[in-house]
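First comes the structure, then the notes that go with it.
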Amino acid sequence: MEMKNVVFIIVFISAFVFLAYNIRRLISYLTIGLKENRFDNIPARLKRVLSIAFGQTKLLRDPIAGSIHFLIFWGFMLFLFAVVEAIIQGFYSPFTLQFLGPLFSAITIVQDVFGILVIIAVLSALFRRYVLNIERLDSGTAGKLDATFILVLILLVVVSMFGQNMAAIAKNNFVLHDYEIRPVTALLSPVFFNGGSSTADLYFEIFWWIHILVVFGFMNFLPYSKHLHVFTSIPNVFFSKYDEKKYAIKSINLEDENIEQFGAVDVDHLTWKQMLDGYACTECGRCTAACPAANTGKLLSPRKIIVDIRRRTEEKAPYVLAGEEKEGITDKTLVHDYISDEELWACTTCNACVYECPVTIEHVDSIVDMRRNLVLMESQFPPELNNVFKNIETQFTPWAFNWQDRAQWAEGLDVKTMAEDSECEYLFWVGCAGSFDARYQKVSQAFTKIMKRGNVDFRILGTEEKCNGDTARRLGNEYLAQMMMMENVETLNNYKVKKIVTACPHCYNSLKNEYPQFGGNFEVLHHSELIEKLLDENKIKLKDEKIKKRVTFHDSCYLGRYNGIYDSPRDPLKKINGLELVEMERSRDKGFCCGAGGGRMFLEETTGQRINENRTNEALETNSDTIASACPFCMTMLNDGVKTFDKADEVEVKDIAEIIQENLN
């Protein structure tokens, strides 16, 4: 055995022992979090890993940054063959992968091509940080230096690989081995080794050691770097929510007498997955760049929330595991000392942060858990919410209306209640806005007329309907939310309801994705889906006469990002003869929030620009006659925005049901 091999074995063992120590340390920190089963439906989880982690689908939503990362990621994946070959050579110097035959040809040519592409990608990334100064990449001086160091290490890995391969070709008198295809390296080798192969042996060893030491150093630096996501991103994608569970807020077992803490005031009240989110954060800033609160000058930054969780985990976990108290550490809390109340209450729960995150971090779940602590444990919440919670509890609606007036909107429309006759195909879940808000009552009436025209067999609950619980739940009042949900489920199940249609995306999301937590399993349609269905089946028909209207459609977050419904509201509008549908710059899955979600409908905005004004301005820039929506909250916010800009006489805000009903034949 050569001295090189002996030294390598010592370095190899040291590197992997230290890496194992850090991996064990980080995993042990996660054990202080609450238990949560994220091992169900393995096939669905693996599918997400293939799509998001390996296919880089979320990263590629930004074509420039996504392409750069795609090349670096896949370059590293493909360079693993070179790393494995170099490591085995550390134990046995003559080793080569040449025995793989034709596969070796593919490995070598891919290394050459991707090597150049990775170098270009790294230089582009440095250019974006230091020359273009991309705002979302700014994570402070420490973050910038960390990113730069990692990029330089990546560059060294590739350059040392090229140097090693060029020296190997020079050692063999510039003749490639069997099955070896290295167009770039073969071209460059004579340039760098023009003196022949006399010094090639020495340079091969130098580049080989640089390659090995940089790789080992890289992997051991990661546990102390914001680039820890190199190790944690794939597991985080695997353990993320999927399909119907993707955007459902998890429930709390309020009947468990052993629970002493509701919600999270510190990291040990979060689940291990929420703490893993902190490890997985790349600090790329995509979440904050998409956040409506951050975009309008609010204190909230979703990136900061997740980075704070990681910082607090690393600070507190060692003392929790050791059972020790430490002044200035264990007497602090995540909420208040790291994350302010103002940050938490600024969130609209629009899920733009979750949707854009390339490693599927679940920001909103953590924010809601911290809100739960503020409401249920500390009774610390904006004063406006006192009346909201009281109204929901006593009148079953966030507004101060009498619950007995819930069905007055339907007077004169000959609409039956379930109590009168429960034999029907659909239950029309009207919602609080559709029942009490004077403007949205017109939408309920328009949709009712559409269903009657299409001979839809439907009923309403009338006074038996209560608030769906969405507002209370996302404001952190889980107790009140569950009370509404369970009472509604009992009512619906008593009537043996199978199909529900609603014009409110918040009701839609709760009924479809969260009511199953409490025994309510229904087929739920948004009114846009039923309208589309009626048109497709020719059960309702539109006028032949041509109109001249320019309309832009605003996507509801709870309809679009939460439930993937983008075409159903648009397709019926496109069928109206003469109507021109114009898209805003931020539309569909990149749509911008109206500002009303997450209970923000009932809270004042006192910092920065109002979110609804930001969105309304974008809609007005399309020069449309009408701003179409498919959500009561969105309609309210857009109407207010149009009035703010003194455009109420020029631009209408209408629900798609109203537009379709006006154009029925």
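Values in this text are rule-based calculations from the coordinates and carry no lab data. This is a predicted model, so every value here is computed, not measured. Backbone-built Cβ (ideal geometry, glycine too); neighbour counts: all protein chains shown.
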Fill in the blank from the handout: In segment 57-224, taking the dipole from +1 charges on Lys and Arg beta carbons and -1 charges on Asp and Glu beta carbons about the Cα centre, the listed residue (Gly101, Tyr130, Ile210) farthest towards the positive end is Tyr130
Handout entry: Neighbour-count ranking [beta-carbon atoms within 10 angstrom, fewest first] of Asp655, Asp365, Asp649
Key = Asp649, Asp365, Asp655
Completion exercise
Among Lys47/Lys241; Lys241/Lys512; Lys390/Lys466; Lys575/Lys654; Lys449/Lys647, the pairs whose Cα-Cα distance exceeds 19 Å are Lys449/Lys647
Practice task
Find how many whole Å separate the alpha carbon centroid of segment 78-103 from the alpha carbon centroid of segment 418-478.
Solution key: 66
Completion exercise
Measuring from the longest principal axis of the C-alpha atoms of the chain, the long axis of helix 527-536 (C-alpha) lies at a number of degrees, nearest 10, equal to 90
Fill in the blank from the handout: Taking every alpha carbon pair in the chain and sorting the distances into 20 angstrom bins from 0 up to the bin holding the longest one, the percent per bin comes out as 16, 43, 27, 12, 1
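Could you work out Rg/(2.2 N^0.38 Å) for segment 57-224, with Rg from alpha carbons only? Can you show the working numbers first?
Details: Rg = 17.2 Å, N = 168, 2.2 N^0.38 = 15.4 Å.
Against the empirical 2.2 N^0.38 Å value, I get 1.12 for segment 57-224.
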Completion exercise
Phi angles of segment 7-19, converted by Karplus (6.51 cos²θ - 1.76 cosθ + 1.60, θ = phi - 60°) into ³J(HN,Hα) in whole Hz with x for Gly and Pro, give 4, 4, 4, 5, 5, 4, 4, 4, 5, 7, 5, 5, 5
Practice task
For the chain, give the share of DSSP beta bridges that are antiparallel, in percent and rounded to the nearest 5; count only bridges with both residues there.
Solution key: 5
Handout entry: Net charge dipole size for segment 505-572 [Lys, Arg +1 and Asp, Glu -1 on Cβ; Debye, nearest 20]
Key = 400
Completion exercise
Phi-derived 3J(HN,Hα) across segment 400-405 with the Karplus relation (6.51, -1.76, 1.60, θ = phi - 60°), rounded Hz, x for Gly and Pro, is 8, 9, 6, 4, 6, 9
Handout entry: Residues of type lysines that Lys590 reaches as a straight line, Cα spacing below 16 Å, ignoring anything fewer than 8 places off in the same chain
Key = Lys58
Problem - Amide H contacts under 5 Å for Ile500, placed H, 5+ residues apart - result: Leu427, Glu523, Val524, Leu525
Practice task
Pull up the cross-link candidates among the aspartates and glutamates for Lys250, meaning alpha carbon to alpha carbon under 12 Å and not fewer than 8 places away within one chain.
Solution key: Glu36, Glu362, Asp365, Asp369, Glu478, Glu514
Handout entry: Top positive-direction residue, dipole computed over the chain with Cβ charges, set Ala248, Gln89, Val320
Key = Gln89
Problem - Helix axis angle, 102-130 relative to the chain longest principal axis, alpha carbon, degrees - result: 70
Practice task
Tell me the label-point distance for the pair Asn133, Ala419, using the 7 Å Cα-to-Cβ offset, in nm and rounded to one decimal.
Solution key: 6.6
Handout entry: Using alpha-carbon coordinates, inclination of helix 611-620 to the longest axis of the chain, degrees
Key = 80
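Report the FRET efficiency, 1/(1 + (r/R0)^6), for Glu36 and Glu205, where r is their Cβ-Cβ distance and R0 is 56 Å, rounded to 0.05.
After rounding, the FRET efficiency stands at 0.65.
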Handout entry: Listed residue (Ala446, Asn513, Gly462) projecting farthest to the positive dipole end of segment 385-534, Cβ model
Key = Ala446
Practice task
Would you order Val6, Val122 from fewest to most other beta-carbon atoms within 10 Å of each residue's own beta-carbon?
Solution key: Val6, Val122
Fill in the blank from the handout: On each of the three principal axes the extent of the alpha-carbon atoms of segment 157-312, given in whole Å and largest first, is 78, 39, 31
Completion exercise
Amide H proximity to Arg550 below 5 Å, modelled H, separation 5+ or other chain, gives Glu580, Asp625, Thr626
Practice task
Quote the relative contact order of the chain in percent (integer), defining contacts as alpha-carbon pairs under 8 Å separated by 6+ residues.
Solution key: 11
Exercise for the section: Note down the net charge around Lys326, summing +1 for each Lys or Arg and -1 for each Asp or Glu among other residues with Cβ under 12 Å from its Cβ. Expected result: -3
Exercise for the section: Rounded to the nearest 500, what is the 222 nm mean residue ellipticity of the chain from helices alone, with -39500 (n - 2.57) per DSSP H run of 4+ residues and division by all residues? Expected result: -16000 deg cm²/dmol
Exercise for the section: Calculate one ³J(HN,Hα) per residue across segment 354-371 by plugging θ = phi - 60° into the Karplus curve 6.51 cos²θ - 1.76 cosθ + 1.60, and present them in order as whole Hz with x for glycine and proline. Expected result: 5, 5, 7, 4, x, 10, 6, 5, 10, 4, 5, 4, 5, 5, 5, 4, 6, 5
